[in-house]
Amino acid sequence: MSELLSNFVQGRWQAGSGAGAALFDPVLGTELARVDATGLDLPAAFAHARDTGGAALRALTYAQRAELLGKIAAVLQAKRDDYYAISTANSGTVKKDTAVDVDGGIYTLSTYAKMGATLGDRRHLLDGDAARLGKDPLFQSQHVLLPTRGLALFINAFNFPSWGLWEKAAPALLSGVPVVIKPGTATAWLTQRMVKDVVDAGLVPAGAISIVCGSSAGLMDQLQPFDVLSFTGSADTATLIRQHPAVAQRSVRVNIEADSINSALLLPEAGSEAVDLLVKEVAREMTVKSGQKCTAIRRVFVPEAQYAQVAEAISARLAKTTVGNPRNESVRMGSLVSRAQLNAVRAGLAQLKDLTQVLHDGAQHTLVDAEPAVACCVGPTLLGTRDADAAALVHDMEVFGPVATLLPYRSAEHAVQLVRRGQGSLVASVYGADAAALASTALELASSHGRVHVISPDVAALHTGHGNVMPQSLHGGPGRAGGGEELGGLKALNFYHRRAAVQASTTVLAKLN
Ligand code: NAP
């Protein structure tokens with residue numbers, strides 16, 4: 001039997017008492033490890049994190065916590081090769097896709113270490129300036145931000161076992177809030193190993209970081225009013241989270257990052273350079289991590305007259321994508337993370353095919369070094385329909401794999417209206433050469449998106465990519481994207497702090513510094 005990965009709670013590594021759920025290599029089909037959380041004393045685990053971890057972290061200043069993040073990043077950097085090996089085996093990713101997760105996580109930690117250092121040797125933050133409350137300037141109101149005196153529970157998706165942990169843990173730990181992580185089961189190994197390396201390095205105070213692998217059962221029942229919950233996953237699970245008594249009755253603050261039908265939009269008369277940039281980005285986004293990115297482009301909008309040209313250009317790029325075993329150097333796209341995901345992608349694709357034409361068929365790709373009956377590999381598929389209004393499901397269903405749909409629009413207004421049918425998304429990218437048209441479209445889309453990525457020829461070699469989430473920029477989106485907000489530089493700290501107004505004489509307020 002494969003190794004049963006331990007949980008780290010109450011300052012001790014503890015194995016679950018059940019048989020556990022198995023984690024597999026999605027290319028070879030072999031069992032890699034098991035996870036189980038049966039029998040853990042969750043009330044004691046959460047109390048230890050909240051009381052011991054919380055007190056220790058709050059005793060540190062922001063600058064000291066920032067230094068801690070830098071040290072965590074250094075520990076992870078030194079073990080990077082181990083993480084690449086785990087990712088290849090458990091997520092089926094090629095090296096450049098592993099980098100998005102592993103190096104992306106380390107980069108996010110390092111960025112917060114730098115930003116946190118600027119907050120200095122203090123343990124609370126002032127929020128804005130004091131405001132007069134009446135005619136006499138002596139009595140004023142000053143908003144203050146204090147780390148919440150609870151813990152942060154992270155329930156994460158399977159697609160980013162590294163970045164998904166650190167993009168949440170970096171701002172939480174910097175804020176002085178202990179974290180309990182429950183990774184997505186299919187890929188929990190990498191998260192567990194990273195936490196193990198950080199704990200073994202003896203860097204973090206007791207109780208500051210805990211990990212529970214396996215079932216989520218009972219975790220949310222432990223949440224108390226000052227705890228916070230950050231969830232990343234599907235819209236269906238998000239609905240259950242919102243209805244849980246911890247959220248509905250105990251006012252536990254919750255951040256939800258859910259699925260999203262993201263768009264790429266080629267503006268009218270964009271010019272050939274912009275067309276090339278869109279084509280390149282769509283093909284890249286469809287294939288990075290086999291399309292298993294919450295930010296991946298799912299819908300591609302182009303002027304009617306350019307539909308055929310763009311269809312051909314994207315298809316030509318996709319045709320060059322070699323798919324198969326990520327251990328083979330010639331392979332550009334590895335596999336989906338599990339058989340369950342392969343089945344879900346196939347089922348979603350079949351539904352979308354009923355409404356669309358296949359412009360590039362992923363089934364035509366011969367797998368390299370992988371057994372089709374075993375490997376969870378699937379080639380990239382570009383769908384298309386000339387009637388973008390009628391294909392309702394295209395605007396509503398996320399196929400979490402290398403699948404996108406090309407859709408023509410009649411006018412700029414029609415394009416924006418179609419993009420908005422995603423009901424709120426994480427990101428839209430806009431391609432063109434006219435700065436005024438790009439800026440006004442960005443503003444049109446900003447209220448229904450967490451991020452608008454604008455690509456013009458002058459930033460062709462500089463832009464950070466439609467789907468790449470940078471710690472400096474907001475990540476999240478309104479509506480069906482979950483309504484969450486993460487990252488965005490130091491804005492991320494808000495979620496882990498409580499804001500209060502202190503009303504007092506200016507002499508007292510001066511002492512709050
Ligand atoms: P999922 O099935 O919703 O699972 C997400 C997490 O919730 C997992 O850790 C899962 O545990 C746990 N969970 C399942 N049922 C639960 C319950 N009743 N109560 C509490 N937790 C529960 O999502 P997924 O399949 O792992 O991830 C894919 C989805 O995540 C996609 O839709 C993608 O768009 C979305 N996503 C969004 C973002 C974003 O930032 N917006 C980022 C990445 C992914 P188990 O794994 O043990 O079932």
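Any lysines with Cα under 29 Å of the residue 79 Cα? List them, leaving off those in the same chain fewer than 8 positions away.
Output for residue 79: 71, 95, 96, 114, 168, 182, 196, 289, 293.
Could you tell me how many degrees, from 0 to 90 and to the nearest 10, lie between the Cα long axis of helix 435-446 and the main elongation axis, the longest principal axis, of the Cα atoms of the chain?
Once rounded, one gets 60 degrees.
Nearest 500 deg cm²/dmol is fine: what mean residue ellipticity at 222 nm does the chain get from its DSSP H runs of n ≥ 4 alone, each adding -39,500 (n - 2.57), divided by its residue count?
That calculation yields -10500 deg cm²/dmol at 222 nm.
With a 10 Å radius around each residue's Cβ, average the other Cβ atoms per peptide and rank 490-502, 132-144, 402-414, 321-333, highest first.
402-414, 321-333, 490-502, 132-144
By how many nm would the segment from residue 61 to residue 510 grow when fully extended, if each residue of separation counts as 0.36 nm and the alpha-carbon distance is taken off?
Value of the extension gain: 159.7 nm.
Just need the relative contact order of segment 262-469 here, percent rounded to a whole number, with Cα pairs under 8 Å and 6+ apart. Could you put the intermediate results ahead of the total?
Values: 398 pairs, mean separation 61.5, N = 208.
Taking the mean separation of contacting Cα pairs over the length of segment 262-469, I get 30 percent.
Could you sort the peptides 151-161, 241-251 by per-residue average Cβ neighbour count (10 Å cutoff), highest mean leading?
Peptide ranking by packing, descending: 151-161, 241-251.
On full extension of the chain, what length is gained from residue 236 through residue 396, given 0.36 nm per residue of separation minus the C-alpha to C-alpha distance?
Residue separation times 0.36 nm, minus the Cα-Cα distance, leaves 56.3 nm.
Once a ≥ b ≥ c are taken as the square roots of the eigenvalues of the Cα gyration tensor of segment 183-252, is the result rounded (a/c under 1.5), prolate (a/b larger than b/c) or oblate (a/b not larger than b/c)?
oblate
Would you work out if the chain is rounded, prolate or oblate? Take a ≥ b ≥ c from the square roots of the eigenvalues of the alpha-carbon gyration tensor; rounded if a/c is under 1.5, else prolate when a/b is larger than b/c, oblate otherwise.
Here the chain falls in the oblate category.
To test your reading of the geometry: what angle, between 0 and 90 degrees and rounded to tens, separates the Cα axis of helix 307-319 from the longest principal axis of the chain?
Between helix and principal axis, roughly 80 degrees.
Pull up the cross-link candidates among the aspartates and glutamates for residue 353, meaning alpha carbon to alpha carbon under 12 Å and not fewer than 8 places away within one chain.
361
Take the alpha-carbon centre of segment 135-191, take the same for segment 18-33, and report the distance between them in whole Å.
30 Å
Expressed in nm to one decimal, what extension gain is obtained for the pair residue 464 and residue 131 from 0.36 nm per residue of sequence separation less their Cα-Cα distance?
Roughly 115.9 nm would be gained on extension.
If contacts are Cα pairs under 8 angstrom and at least 6 residues apart, what is the relative contact order of the chain in percent? Write down the numbers at each step before the final one.
Working: 1176 pairs, mean separation 91.4, N = 513.
Once normalised by length, the contact order is 18 percent.
Give the angle, between 0 and 90 degrees and rounded to the nearest 10, that separates the Cα long axis of helix 339-353 from the longest principal axis of the Cα atoms of the chain.
50 degrees
Values quoted throughout were computed directly from the atomic coordinates according to the rules given, and no laboratory measurement underlies them. As the structure is a computational prediction, the values presented were derived from the model and not from experiment. When we count neighbours, we look across all protein chains shown, and the Cβ atoms used for this are built from the backbone with ideal geometry, even at glycine.
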